[in-house]
């Protein structure tokens with residue numbers, strides 16, 4: 001159960017990374033009795049509105065054959081299901097408020113643990129045996145309350161849409177609800193679908209029967225910002241357009257400082273620092289980071305205005321793909337000591353780089369697929385698992401060259417200490433390099449742990465109005481990582497490039513050449 005709970009948190013985190021709003025969800029012959037959350041969880045403020053339309057709803061219930069076998073027969077009339085065949089089942093949608101993603105994940109685990117647990121059990125008493133809504137005399141005509149033949153508006157307790165007898169309740173066979181949120185109802189809302197077993201009914205009727213659902217959802221979520229303008233962003237995402245813009249300016253300033261350090265040295269104004277190829281690659285990483293976070297700011301701006309931003313999302317994910325490849329490759333090259341300490345890559349190091357490059361391609365394909373699907377789709381979990389598995393493997397792979405470099409330096413130091421003819425300068429050089437790579441290893445491990453684990457656990461505890469803090473903490477950690485790496489491997493007047501010694505050259509495979517990478 002704890003493993004499933006952790007996976008649920010990861011899926012919710014990935015949903016926040018994918019396209020902020022997708023207004024259509026389609027599933028065909030889906031055998032899941034619980035689907036949720038459907039779409040990205042949304043934080044509604046006062047005066048926010050929610051609209052949901054269900055179309056093409058069908059239940060596919062296998063009918064027992066006289067021979068004892070089950071026939072995969074679709075039971076429906078128009079868009080619904082014959083009342084006798086659905087008796088004992090009550091399908092429906094519930095939009096319910098939860099404090100955090102963790103609370104929703106726990107509720108999901110509780111439902112999946114036992115099929116008798118119904119997420120909208122409290123609403124079923126308002127319907128008769130055939131699924132018709134029991135009309136109450138005390139219903140008040142309130143424009144903020146969702147109304148309809150199969151709609152029960154419980155406010156913050158949940159807004160329920162019954163799908164048991166839609167042909168009789170809805171003339172157009174398109175169940176629809178619209179809710180206007182008041183101040184007391186503001187919060188973090190999750191939409192889910194479930195097929196519940198009704199009380200006082202023989203549950204053996206549906207034992208070992210594969211009940212599948214087909215439907216299409218169209219939903220629209222809107223808020224009002226502080227100026228009273230319509231915003232399609234969830235409450236916790238409203239600060240993101242400006243926040244990402246500020247970060248893009250910060251990274252641009254960092255890029256300017258880095259480029260300046262390539263040409264001047266404050267400690268020795270009259271001397272030009274020694275610049276290697278790896279320094280130019282590091283410049284490209286920061287430049288791509290500036291572009292990616294700027295396009296992310298623009299993307300969220302247009303999502304806020306229009307509810308979608310396909311063109312800007314294309315630019316954003318394209319730049320993010322390049323930035324990811326450059327970042328992982330740069331860490332690999334620095335970890336191997338290429339350009340800065342040695343002018344070549346061994347065969348093993350080249351294989352690691354190509355392996356990570358291949359993983360990054362798969363990682364970005366998974367990201368594009370997730371962006372094209374809605375959370376709750378049948379294959380959403382599969383692609384989410386691929387995304388995280390590939391990301392973890394990539395993070396582990398970039399540590400390998402650093403570990404190799406540390407081990408080689410430790411062995412070289414031991415060799416020099418045993419050698420009576422070893423030079424003091426050589427020993428100090430190796431010890432200084434060993435300390436540098438050990439600290440670099442710790443910095444990379446800390447960055448991976450912080451952005452892949454700590455941030456997700458932190459995000460799962462945030463309330464609906466503070467989900468933007470996840471992105472803030474992530475970018476602050478990234479800026480700190482860039483600063484530390486830049487300081488440790490910045491160009492210096494004193495040449496950090498040590499000519500490859502004869503002992504080191506023996507490790508170069510036959511046929512490999514040491515390219516010249518100095519400027």
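For the peptides 310-323, 333-346, 228-241, what is the packing order when you average, over each peptide's residues, the other Cβ atoms within 10 Å and list the highest mean first?
333-346, 228-241, 310-323
Rounded, prolate or oblate, given the Cα gyration tensor of segment 323-410, with a/c below 1.5 counting as rounded?
Cα axes put segment 323-410 in the prolate bin.
How do 253-260, 299-306 rank on mean C-beta neighbours within 10 Å, highest first?
299-306, 253-260
Given just the C-alpha atoms of segment 236-494, how large is their convex hull per residue in cubic angstrom?
With only Cα atoms used, segment 236-494 gives 143 Å³ per residue.
By how many nm would the segment from residue 182 to residue 216 lengthen if fully extended, with 0.36 nm per residue of separation less the alpha-carbon distance?
9.4 nm
Please report 449, 193, 482 as a ranked list, fewest other C-beta atoms within 10 angstrom at the top and most at the bottom.
Ordered from fewest to most neighbouring Cβ atoms within 10 Å, 449, 193, 482 come out as 449, 482, 193.
Could you check the spin-label model distance between residue 368 and residue 347? Points 7 Å from the Cα along Cα→Cβ, value in nm.
Roughly 3.4 nm, to one decimal.
Rounded, prolate or oblate: which fits segment 268-398 when a ≥ b ≥ c are the square roots of the eigenvalues of the alpha-carbon gyration tensor, with rounded for a/c under 1.5 and prolate only if a/b beats b/c?
In terms of gyration-tensor shape, oblate.
Calculate the FRET efficiency for residue 488 and residue 381 from the Cβ-Cβ distance with a Förster distance of 35 Å, rounded to the nearest 0.05.
0.35
Roughly what would the spin-label model give for residue 311 and residue 24, points 7 Å off Cα along C-beta, in nm?
2.1 nm
Rounded to the nearest 0.05, what FRET efficiency do residue 263 and residue 445 give with R0 = 41 Å and r taken as the Cβ-Cβ distance? Could you check?
Calculated value: 0.80.
Each label point is 7 Å from the Cα along the Cα-to-Cβ direction; what then is the distance between the points at residue 396 and residue 476, in nm?
3.1 nm
May I ask you to derive the FRET efficiency for residue 428 and residue 242 from their Cβ-Cβ distance with R0 = 51 Å, giving the value to the nearest 0.05?
0.55
How much length, in nm to one decimal, is gained on full extension between residue 156 and residue 46, taken as 0.36 nm per residue of separation minus their Cα-Cα distance?
Working it through step by step, the gained length comes to 38.4 nm.
Values quoted throughout were computed directly from the atomic coordinates according to the rules given, and no laboratory measurement underlies them. Just so we're clear, the structure is a prediction, and the values are computed from it rather than from any experiment. Quick reminder, even Gly has a Cβ in these numbers, built from the backbone with ideal geometry, and neighbours come from all protein chains shown.
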